[in-house]
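S.K.: Please find one structure pasted underneath; my questions will follow.
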Amino acid sequence: MEKTFLMVKPDGVQRNLVGEIVNRFESKGFTLVGAKLMQITQELAEQHYGEHKERPFFGELVDFITSGPVFAMVWEGENVISTARLMMGATNPKESAPGTIRGDFAVTVGKNIIHGSDSSDSATREIGLFFKEEELVTYEKSM
Ligand code: CMP
């Protein structure tokens with residue numbers, strides 16, 4: 001079954017949006033298979049956002065993501081990678097539709113509440129960066 005990496009960023013944690021965000025993915029029908037509240041180190045931030053290293057906002061991005069705790073999650077389900085991206089809305093909240101997480105809760109691109117893997121390769125890479133295999137569970141939902 002497909003898995004994706006989602007992370008409530010420091011602004012989402014500060015604004016008490018963890019429960020709201022978990023609720024959206026649970027209500028949709030996806031399965032939470034791993035989760036932790038954690039402080040990202042400088043090294044992990046630079047690895048996670050490595051593809052943006054040459055961007056002018058890279059320093060700001062690393063400073064922000066390490067500025068406070070994040071809530072890192074792994075979700076499982078059919079087409080979860082692309083569906084989670086739709087539920088998150090466009091990266092820049094000024095383009096994200098109402099009803100999406102960024103459309104409902106964010107205003108600026110730097111503080112856009114949530115990160116989600118954009119492809120199968122990045123999901124595999126990001127899950128491996130944030131979670132050890134034994135931190136993920138496998139289970140069938142009976143209800
Ligand atoms: P995310 O999905 O976490 O992936 C990369 C992040 O870079 C993105 O969300 C934005 O929060 C951030 N980002 C993109 N463009 C800018 C920008 N111009 N200034 C600051 N941050 C940005």
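S.K.: What is the number of the single condition among (1) free of Cβ contacts under 8 Å to residues at least 60 places away in the same chain; (2) closer than 21 Å to Ser27 by Cα; (3) of a type outside the set (Gly, Ala, Ser); (4) in a loop (DSSP other than H, G, I, E, B) that Arg55 does not meet?
M.R.: Arg55 satisfies every listed condition except (2).
S.K.: Testing Asp11 on (1) touching a Lys or Arg at 6+ places or on another chain (Cβ under 8 Å); (2) more than 18 Å from Glu126 (Cβ to Cβ); (3) outside any helix (DSSP H, G or I), one condition comes back false. Which one is that?
M.R.: (3)
S.K.: In the stretch 1-52, which residues are touching a strand residue (DSSP E or B) at 6+ places or on another chain (Cβ under 8 Å) and free of Cβ contacts under 8 Å to residues at least 24 places away in the same chain?
M.R.: Selection gives Glu26 alone.
S.K.: Mind checking whether some residue in the stretch 109-116 is under 13 Å from the mean Cα position of the chain (by Cα), within 11 Å of the ligand (Cβ to nearest atom), open to solvent by 40 Å² or more (accessible area, probe 1.4 Å) and closer than 20 Å to Asn16 by Cβ?
M.R.: Residues of the stretch 109-116 that are under 13 Å from the mean Cα position of the chain (by Cα), as a first pass: 111-116.
Checking which are within 11 Å of the ligand (Cβ to nearest atom) leaves us with 111-116.
Restricting the remaining residues to those that are open to solvent by 40 Å² or more (accessible area, probe 1.4 Å) gives 111.
Checking the rest, the ones that are also closer than 20 Å to Asn16 by Cβ come to 111.
Checking the stretch 109-116: at least one residue is under 13 Å from the mean Cα position of the chain (by Cα), within 11 Å of the ligand (Cβ to nearest atom), open to solvent by 40 Å² or more (accessible area, probe 1.4 Å) and closer than 20 Å to Asn16 by Cβ.
Table: residues versus (1) in contact with a Lys or Arg (Cβ under 9 Å, 6 or more places away or on another chain); (2) more than 24 Å from Thr138 (Cβ to Cβ); (3) aromatic (Phe, Trp, Tyr).
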| position | (1), (2), (3) |
| --- | --- |
| Thr4 | yes, no, no |
| Ser27 | no, no, no |
| Ala45 | no, yes, no |
| Gly50 | no, yes, no |
| Arg55 | no, yes, no |
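S.K.: Hey, among the residues in the stretch 78-99 that are open to solvent by 20 Å² or more (accessible area, probe 1.4 Å) and either closer than 18 Å to Val22 by Cβ or outside any loop (DSSP other than H, G, I, E, B) (or both), which one's nearest to the ligand (Cβ to nearest atom)?
M.R.: Step by step, filter the stretch 78-99, then rank; the result is Arg85.
S.K.: Restricting the search to the stretch 33-62, which residues are over 20 Å from Asp118 (Cβ atoms), open to solvent by 90 Å² or more (accessible area, probe 1.4 Å) and more than 9 Å from the ligand (Cβ to nearest atom)?
M.R.: Leu37, Gln39, Gln42, Glu43
S.K.: Looking only at the stretch 117-126, count how many residues are more than 9 Å from the ligand (Cβ to nearest atom) and surrounded by fewer than 21 Cβ atoms within 10 Å (Cβ to Cβ).
M.R.: Adding up the residues that qualify gives 6.
S.K.: Let me ask something else. Quick one: Glu2 ticks every box in (1) within 15 Å of Glu126 (Cβ to Cβ); (2) within 16 Å of the ligand (Cβ to nearest atom) except a single one, so which number is it?
M.R.: (2) is the only condition that Glu2 fails.
The values are calculated or read from the model by the stated rules, or taken from the named source; none is laboratory data. Keep in mind it's a predicted model, so treat the numbers as computed, not measured. Quick reminder, even Gly has a Cβ in these numbers, built from the backbone with ideal geometry, and neighbours come from all protein chains shown. What goes into the accessible areas is simple: the full protein's heavy atoms, side chains included, and nothing from ligands, DNA or RNA. Shrake-Rupley method; radii C 1.70, N 1.55, O 1.52, S 1.80 Å.
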